[in-house]
Structures are given as C-alpha cells and as structure tokens.
1. Find the lysine pairs in the chain meeting two conditions, Cα atoms under 18 Å apart and a separation of 8 or more places or different chains, and report how many there are.
2. Name the long-range amide H neighbours of VAL236: under 5 Å, sequence gap of 5 or more, or other chain; modelled H, no Pro or chain starts.
3. Okay, helix-only estimate at 222 nm for the chain: each DSSP H run of n ≥ 4 adds -39500 (n - 2.57), divide by all residues, round to 500 deg cm²/dmol; what do you get?
4. If you take every residue apart from ARG271 with its C-beta less than 13 Å away from the C-beta of ARG271, what net charge results, scoring Lys and Arg +1 and Asp and Glu -1?
5. List the residues whose amide H sits under 5 Å from the amide H of VAL59, counting only those 5 or more places along or on another chain, with H placed 1.01 Å from N in the peptide plane.
6. Over all distinct alpha-carbon pairs, what is the Kirkwood Rh of the chain in angstrom?
7. Which is the longest part of the chain that has none of the GluC sites (Glu not before Pro) sitting in a DSSP loop with at most 13 other Cβ atoms within 10 Å?
8. Kindly express, to the nearest 10 degrees and within the range 0 to 90, the angle between helix 16-31's C-alpha long axis and the longest C-alpha principal axis of the chain.
Amino acid sequence: MRIGISTSAIQRGKSGVGQYVLALVRALLERGGGHQLVLFVLDEDLPLFAFAADDAEIVKVPERFRPALRNVWWHQATLPSLLRQRHIDVVHTPTYRRMLYQAPCPRVATIHDLAPFHIRGKYDAARMFYGRVVAKHLALCQDEIIAISASTARDVERFFGIPASEQTVIHNGIDHTRFHPGGRDQASAEAEARWHFGAPFFLYVSRLEHPAKNHVRLIEAFNQFKSRTNSNRLLVLGGSDWHGSEFIHTAAAQSPFCGDIRFLGFVEDVRLPDLYRAAEAMVYPSLFEGFGLPPVEAMACGCPVISSTRGSLAEVVADAVLRVEPEAVGSMAAALEQTAADPTERLRLREMGLRNARRFDWGVTAEQVLGVYEQAIDEFA
C-alpha cells in the first residue's frame, strides 16, 4: 500500500493530535510490511519527522498553508491532486478538522473528540461552527472513521449520525520504551537540576486551555489544600499557552500561594518521562477528553494519578485512579490532601496504574490502523 498521511494539523507537535501523528508514523514504520508512507509535512515541521526521512517519502507543504483557513483550503483544493500524482492507495487525515470532501482514493479519518458539542466557548465562533456543522458533512463523506475511544464513537453517532457500528474504535497507544518505571531518586535529581523545584509536587501536563482543561478550578483546589495542610508541596503545570491561557495565569498570580505554582511551558518529549517519575502524583481534572494520553503516560512511569472521568477518561483510566468530580473544587482539594498524606494510597494507585497502562501500545494501534486502511481499499474497489 502507498499510504498518504496528512500531518499539517499537528500544531508543531505540541498537541494531542501532534503526539498521535508522530507516534503512529513511528509505529507504522517500525512494523514495515512493505507499505510505503507518503507524509505531507509543513516546511517548519520537517525536523519533527527527521526519524522518518530514510523510510518514508516526505512531501513538503509550503509554510504559508499553516494558518487554519489556508490549511483547510489546501486540504480540499490541493491535496486531492497530490494524491493522484503520487498514486496514493489510501489517505489518512488524522483529525476531523481536515477531513477531505473528495479524493481519488479511499479516505480514512481519525476523530479524537467532539469537544465543541460538550464545552461551550472552547473555540471562537468560527471554529465552533466548523466543528459543529461543516465537520458533520465531511464525516459523512469518509470511507472509514477511526474513533480513538468508544466514548468518541458514541458522540460521532449522536452528533454526526454515523452509527458506532460503522466506525472502528482504536485506542491510542503508549511507547513503553519511553514511558516505564524508573529510579524515582534519579528522576527527581534530573527534574531538580533542570527546574529547581525544591519540594515535592503535584503535576498536571496539558496545554493551558481554559475552560476545557479546568486549570482554574485546580488552582482553587490547590489553594484549599495549602490552607488546610500548610504543606510545602508545589503545583507544577506543564504545557504551552493555548486558548484562554490568560485566565489560568491570572488565577495563579492571584493565588495566595502563587510562589508554589510553577509553569514549565511545553515539556520536551525527552524530559517528560522523568517529570512523571519525579512527581508525587499526576492530577488530571479535565472537563472533557476524547482519550487522555497524559494520565496513561504517567501511570506507565509509575506515577499515581488523580483524575476526572469525564468524556473518555472513565474508559481509559478505568479504576486505576483516585477519581474526582472536576467541577467540585472541594473534591479535588480532598484528593490532593489524601494523596499527599497517605503513602499506602500512593502505592495502591501506582500498582493499579502500571497494570492499566499495559493495555495501551502503539504497535497494537498501528496494526489495527493498517487493518482499517486495507478495509477501506477493499470496499473502495
């Protein structure tokens, strides 16, 4: 198979979609099988795909097509002809925002979530309209749809009218060569040398997006925890600024414990496993997720996890977390207090998390995705 994959919506690798695309491409290349990957990559994203340069054909996309509207236009007006010229057997658009209306080959799309239907004001008006209206019609044009969770598949059925039975649920994976338990003392030393924490810390890894990722309530919960316990623990927030990040920075600045709230910005892939290993616990209070990779990555590194179970999270984190109600600040504060005070609880969460994380593997994901490509080609013929 000659498999075309659009990568131009990966947001420089600093988003969940970006991590999905990079991990999936790696896993597909590792599997081999005589298939040829043809990657359509924006100029400034080329270094992110250096690992694929020898094994995949990389088609450069001019940087002027990075802005959202131009990128949508490029997908609809230019990509179909490129697919024809390169004799692509199947094309994969790994986000519903770039699904193709028409193409000379079967179209496979991955839908990660339908957050615009769940969180009011997640995006500006134009993006909300695109997600709610335009994407619905594009989804109906696809030959195969991959949903990354059963929760997302149910949403696609509910909001787009495509039965779950006509979709394929394929969970995201974990790279267990990167995310695995390691020496916590060594990881703590590495984290301390880089970020100078100076105290135990709770960690939240997510882009700084308000209101969807729920940072402001977490900061309020942290304030309650600090007031009740007089603990020296920090709240560490790893992730790039995104829509509404100014509200999160303001909440932190106004906290009476602002000195104990640290912003790391985007955390490089090479640093992330040690950050998870060094944390006392990972807190993931998101209001909605189509999957939720960070809590599973943390589990794989042996980090106890406190989590919301909204959206797909109940399916993904299962019973391996200390559950919290994300809109109840008191619930989150109590979970922070319990985790900090009880080493037995941390050990229980660690062991359950390690077991749960074994369910997810990018090699298995890639194998299942290849099966969808093959099915799309068979049915297209």
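Throughout, read-outs are computed from the coordinates displayed, never taken from laboratory work. Bear in mind that the values here come from a model prediction, so they are computed numbers and not experimental data. We place every Cβ from the backbone using ideal geometry, glycine too, and count neighbours over all the protein chains shown.
1. Pairs that pass both the separation and distance tests number 4.
2. PHE202, LEU203, TYR204, ARG262
3. When only DSSP H runs of four or more count, the value is -12000 deg cm²/dmol.
4. Its environment carries a net charge of -3.
5. Amide H neighbours of VAL59: LEU39, PHE40, VAL41.
6. After inverting the pairwise mean of 1/r, the radius is 21.5 Å.
7. Here the longest segment lacking exposed loop sites spans 1-267.
8. Taking the Cα atoms of the chain, the angle to 16-31 is about 60 degrees.
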